[in-house]
Each structure stands twice: as structure tokens, then as C-alpha cells.
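Step one of this worksheet: look at the structure below.
The values are calculated or read from the model by the stated rules, or taken from the named source; none is laboratory data. Not measured: the values here are computed from a predicted model. Neighbour counts run over all protein chains shown; Cβ positions are idealised from the backbone, glycine included.
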Amino acid sequence: MKLFIDTGSVAEVEEIAAWGVLAGATTNPSLLAKEGGDPGETLRRICDLVDGPVSAEVVAADAAGMIEQGRALYGLHEHIVVKTPFSPAGLEAAHVLSEDEIPVNMTLVFTASQALLAAEAGATFVSCFMGRLDDVSIDSGETLQGIVEALHTGQSVAAVLAASIRSPQHAVLAARLGCEVATIPAKVLRQMLDHPLTTAGTERFTADWRSRPELGEWMT
Ligand code: E4P
């Protein structure tokens with residue numbers, strides 16, 4: 001499973017990209033609004049840092065507006081994937097944009113039936129929001145499994161993108177269910193690093209090595 005970072009922060013992308021684990025990024029209007037500044041410039045800087053797709057979302061409510069905004073967003077950088085919200089207008093926009101070979105990430109997908117429509121409209125990525133499902137007591141794992149089975153069994157070319165990831169467990173579950181991508185906030189990516197045995201083991205190796213200073217010369 002590929003890992004994307006879910007953020008509107010250039011600093012976060014810079015930090016996590018250095019780990020060599022990022023295959024892309026996703027933004028949304030809330031994340032970009034939180035950062036402030038010029039959203040176009042932020043998107044361009046994120047695109048320069050990540051060697052892969054960077055999702056940027058339209059905010060128009062009608063198909064014509066979404067298509068116009070989608071084309072403008074795509075013009076910002078070759079890495080841009082246009083995010084359209086799930087709705088009849090979002091489907092229409094996804095269809096038109098994908099026919100023009102502009103890749104689309106259909107966002108706010110919460111059921112397998114919505115995922116089937118998104119894939120048929122031409123979406124490259126279908127984003128299922130795990131955390132927001134759990135927030136309303138709908139089992140995100142069960143829903144995601146249904147989406148993965150529906151798209152993979154039908155041999156759809158659309159990739160299942162697990163979004164609204166709130167914990168390392170969400171990310172692991174998405175991978176085990178066969179999602180092609182998970183987009184993960186920096187906070188959760190940092191949590192994925194941690195294990196007390198890793199910390200203790202590193203401290204022990206360092207202490208043992210330092211207890212024999214003469215061995216240090218071997219490294220230099
Ligand atoms: C996905 O692309 C969205 O930006 C994101 O995952 C939403 O997450 P949230 O539900 O934590 O806001």
C-alpha cells in the first residue's frame with residue numbers, strides 16, 4: 001500500500017518526505033484554509049516536495065464550476081490530481097475531467113455503491129473516510145472491505161484510497177484490506193514510528209557501544 005500525507009502544511013510534507021516513505025499527498029479546503037497564505041503557492045510547493053500525485057479539491061457546487069476549477073488546479077503542477085466531492089455534479093465533473101486525461105480523486109465516499117459510481121465515472125482514486133465513519137458509529141473496516149471487494153472483484157482500475165485516518169491501526173487495517181493507498185496526517189505518521197522496545201533497544205545499543213570508547217575509532 002502506498003502512503004500519502006494528508007496535510008496543507010509545507011513544513012509537514014518537508015519533514016515526512018525526508019523519511020522516504022511518501023508516494024503522494026492529499027489536501028482539502030479545510031486543511032488549506034487552516035494554513036492560510038496563498039493556496040496555489042502552497043500546492044505548488046507540496047508538489048515540488050512529493051514525487052507523486054497531490055490532490056487538490058474544487059469548491060464549486062455545480063459541475064461546470066468544478067470542471068473549470070479542476071482545469072485551473074491541474075494547470076498548477078503536473079503532480080496535481082483534482083479532487084471532486086461525491087455528488088451527481090462531482091460525478092459529471094470527474095467524467096469530463098478524466099476524459100481530458102486529468103486524474104480525479106473522488107472524495108467523501110462512504111459506501112460501496114458510491115464507490116462503484118465514482119469508479120465508473122472515471123475516478124483514478126476513490127477516497128473512503130474511515131475516521132468520519134467511525135465518528136457516526138459505522139464500522140469503517142467493514143465499509144472499506146465492501147468497497148475494496150466491489151472495486152477489485154469488478155476489476156476496476158480505480159485505486160481505493162483510505163482517508164480520514166485517525167490512528168496507526170486505521171492505516172494497518174487499510175493495508176490489510178487491500179487498499180492501494182492510505183492518506184495519513186503527519187501526527188499519525190509520527191505515531192507509526194513509535195514502539196517502546198525500539199526506543200529501549202536503541203538506547204541499549206548506544207550505551208553498550210559508548211562503554212567501549214576504543215571501538216569508536218573503527219567507525220571513523
Ligand atoms: C482526504 O483526502 C481528506 O483530506 C482527509 O483524510 C479528511 O480527514 P478528516 O476526516 O480527519 O478531516
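Keeping to the stretch 11-22, report how many residues are surrounded by 15 or more Cβ atoms within 10 Å (Cβ to Cβ) and not in a helix (DSSP H, G or I). Of the residues in the stretch 11-22, 1 are surrounded by 15 or more Cβ atoms within 10 Å (Cβ to Cβ) and not in a helix (DSSP H, G or I). Scanning the stretch 130-147 for residues that are more than 15 Å from the ligand (Cβ to nearest atom) and buried (at least 22 other Cβ atoms within 10 Å of the Cβ) yields no hits at all.
Of the numbered conditions (1) in contact with a Pro (Cβ under 8 Å, 6 or more places away or on another chain); (2) hydrophobic (A, V, I, L, M, F, W, C); (3) surrounded by fewer than 18 Cβ atoms within 10 Å (Cβ to Cβ), V81 satisfies every one except a single condition; which is it? The single condition V81 does not satisfy is (3). Filtered by the rule that a residue be of a type outside the set (G, A, S) and either at pLDDT below 95 or part of a helix (DSSP H, G or I) (or both), the stretch 174-193 gives R176, K187, V188, L189, R190, Q191.
All of A171, A123, A162 fail the test of being at pLDDT 95 or above, assigned to a strand (DSSP E or B) and either away from the ligand (no atom under 12 Å from the Cβ) or not hydroxyl-bearing (S, T, Y) (or both), apart from A162. All told, L108 meets the bar of being in a strand (DSSP E or B) and without any contact (Cβ under 8 Å) to a residue 24 or more places away in the chain. The set of residues in the stretch 27-58 being among the hydroxyl-bearing types (S, T, Y), outside any helix (DSSP H, G or I) and surrounded by fewer than 21 Cβ atoms within 10 Å (Cβ to Cβ) is empty.
Here is the figure for the stretch 3-31: residues that are touching an Asp or Glu at 6+ places or on another chain (Cβ under 9 Å), within 13 Å of the ligand (Cβ to nearest atom) and of a type outside the set (S, T, Y) total 7.
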